[in-house]
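As structure tokens, the structure follows; a few thoughts come after it.
The values are calculated or read from the model by the stated rules, or taken from the named source; none is laboratory data. The structure presented is a predicted model; accordingly, all values stated were derived computationally and were not measured. A quick note on method: Cβ atoms are made from the backbone with ideal geometry, for glycine too, and the neighbour counts reach across all protein chains shown.
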Amino acid sequence: MAGASMTRSTPDVAVLLLAGLSHLQCRELLEADAGYKISRVHVYPWQREITLRWVRDRELCWQLSRFGIDEGARREGTGTWYNTGRRSRGTEGRLRYLYIGREGRDVSEAREIDQDGRDHARLGELLRIPSCCIEFYLANRHVAKTRYHDEYVQLTSQATPVRAPYLWEMNYVGQYFGFSLYHHYPCSWTCSATLKRARRALRIVRCASPVWARAFRRHLRGAMICEPGRAVHCIRGEVPRSSTTFAGSQVVSTDWSPLGAALRSTGSIRAAMKAGGVARRVPTPLVLYFQ
Ligand SMILES: [Zn+2]
């Protein structure tokens, strides 16, 4: 059944991309269409009509959040991350969440739980977040908020028993640059349940378009340098070691920072970390390699 619904939806997701929906929004929509999970997709007012048309055509169950989201209401600086913002009672002209799935009961439950914000474990289950990662998220919420600007990359790295490079499918940090295969904080960079989920998402994407699936791979391989609360930098292309040099034009950043400038001018992660004066900063920027 899942295969049938995926095939049915394949030509039209391109229309949503052309209409300006992101790769992440489209992936989430397809995952719900495949009956794999409940998806919670952020939808801007100008995207609502075409998205709901797509959802209705596929006879998916859907509901919109009763709250709106004011983007950028929280402290900025960690890049374009779609779930940053503050919830507001008013919905007029605002970004809202769209909950979609094959089971109406699950869609309603996800919306209600999210509305009162209490049962994170159940919401995570509906969104198909592995239980090990839900536990990790709940156990680390306080320290993530107080020490790492609500970002988890440092905590995930501390909990990972082996050193990078990690598998590119695990790179959720790519979300800052428009691509990722899942949206939760993994309990480690080697979490097998997350890898399984990411690969399932990749199969769904590939079923829609093999070329699109290759774009995910191209954007998720490489080095990610995270400065919590400040910026995330991505070095596009093959960067397997810190000693490898690269062209300044390979660097993309969510925000300006001295480290980003040093990455561009030195073309070396090692040199940039020295030049950027990172030793004085806490937490120290984190370099992650995905291949
Ligand atoms: Zn996990």
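Computed quantities for the displayed model
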read-out	value
Near pairs, Cβ below 9 angstrom, 6+ apart or cross-chain, from the range 176-187 (within 13 Å of residue 28 (Cβ to Cβ)) to any residue that is of a type in the set (Gly, Ala, Ser) and within 14 Å of the ligand (Cβ to nearest atom)	180/198; 181/198; 182/198; 184/124
So residue 168, is it at pLDDT 95 or above and either away from the ligand (no atom under 16 Å from the Cβ) or surrounded by fewer than 19 Cβ atoms within 10 Å (Cβ to Cβ) (or both)	yes
Filter result (under 14 Å from residue 39 (Cα atoms) and either more than 16 Å from the ligand (Cβ to nearest atom) or of a type in the set (S, T, N, Q) (or both)) within the range 124-141	126
Some residue of the range 83-96 being loosely packed, with under 15 Cβ neighbours inside 10 Å and either under 29 Å from residue 233 (Cβ atoms) or at pLDDT 90 or above (or both)	yes
Flag if residue 181 is at pLDDT 90 or above, within 15 Å of the ligand (Cβ to nearest atom) and surrounded by fewer than 18 Cβ atoms within 10 Å (Cβ to Cβ)	no
Qualifying residue in the range 145-156 (condition: acidic (Asp, Glu) and more than 14 Å from the ligand (Cβ to nearest atom))	yes
Meets criteria (touching a Lys or Arg at 6+ places or on another chain (Cβ under 7 Å), assigned to a helix (DSSP H, G or I), on the phi < 0 side of the Ramachandran plot and of a type in the set (Gly, Ala, Ser)) for residue 213	yes
Matching residues in the range 122-153 - criterion: being under 27 Å from residue 288 (Cβ atoms), without any contact (Cβ under 8 Å) to a residue 60 or more places away in the chain and over 19 Å from the mean Cα position of the chain (by Cα)	139, 142, 143, 146
Unmet requirement for residue 100, which otherwise passes all of (1) farther than 24 Å from residue 25 by Cβ; (2) away from the ligand (no atom under 16 Å from the Cβ); (3) outside any loop (DSSP other than H, G, I, E, B)	(1)
Conditions (1) small (Gly, Ala, Ser); (2) in contact with a helix residue (DSSP H, G or I) (Cβ under 6 Å, 6 or more places away or on another chain); (3) surrounded by fewer than 21 Cβ atoms within 10 Å (Cβ to Cβ); number of the one not met by residue 14	(2)
Enumeration of residues in the range 245-285 that are modelled with pLDDT under 90, surrounded by fewer than 17 Cβ atoms within 10 Å (Cβ to Cβ) and polar (S, T, N, Q)	245, 284
The lone exception for residue 91 - which of (1) outside any helix (DSSP H, G or I); (2) within 16 Å of the ligand (Cβ to nearest atom); (3) of a type in the set (S, T, N, Q) it fails	(2)
Answer from 223, 198 - the residue that is small (Gly, Ala, Ser), assigned by TED's automatic domain parsing to the domain that holds residue 170, crowded, with 22+ Cβ neighbours inside 10 Å and assigned to a strand (DSSP E or B)	223
